[in-house]
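Everything below concerns the one structure shown next.
The values are calculated or read from the model by the stated rules, or taken from the named source; none is laboratory data. Since we're looking at a predicted model, the values are computed, not measured. Cβ sites come from the backbone with ideal geometry, for glycine too, and all protein chains shown count toward neighbours.
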Amino acid sequence: MPAWRRERKAARSSDAVTRQILCTCARAAHPLRTGRPSRARLRLVARSFAFELTSRLAAPAAEVWAHATSMRGVNRELFPLVRMTHPAGLESLESAADGGVPLGRRAFRSWILLAGLLPIDYDDLTFVELGPGRFLERSPMLTQREWQHERRVDSVAGGCLLTDRIRSEPRIAALAPLFLRVFRMAFALRHRNLRRRFGEARP
């Protein structure tokens, strides 16, 4: 083979290798364009969780709202699974203007006691919105980087509609599926206790 042909063949081979390297680098730089989710993206998806529960209760919205914004009511919902502590004398989670909790900063640290006895977590209760029929809590916890709980109580025919929306980001991302199951179970218990207390309204 003439020397000039060998040189041309070597050059083509080198170009092919260069193109392959460039393509590999491009895929590494943009892993989401390959059609297969990257590990980083999967970790991001699993880092937080969210769910929603709704119950139709056979009681006036005002009565249910008064229950929902009292620590006694909260602990009745959570019984017998856990109990949340609170400062002595603070029963109602009203607005700061009414002498209740402040907005936008920690109101108090509530320890979560398994069976009312064993501390298993804490909630630095922080309300960003608190008004008639709706509150939005966005708090750090011992196990959660950010815990968000929105509750709405809306009047409907024959009673009211109570909705809880939860979104949370665990401090240990790998435990997100476990925390999802635990918190769903806890809120299923809360809604069951609410239906027992106020009755279940028919649509």
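Structural remarks
- Residues of the stretch 75-89 classified as under 18 Å from Arg151 (Cβ atoms) and at pLDDT below 95, total: 1
- Count of the stretch 152-166 residues which are farther than 18 Å from Ala66 by Cβ and surrounded by 15 or more Cβ atoms within 10 Å (Cβ to Cβ): 2
- Elements of the type strands (runs of 3 or more DSSP E) sitting completely within the stretch 102-179 and holding at least 1 residues that are basic (Lys, Arg) and in contact with a strand residue (DSSP E or B) (Cβ under 9 Å, 6 or more places away or on another chain): these cover 106-114, 134-139, 144-156, 159-170.
- So Asp123, is it surrounded by 19 or more Cβ atoms within 10 Å (Cβ to Cβ) and acidic (Asp, Glu): yes
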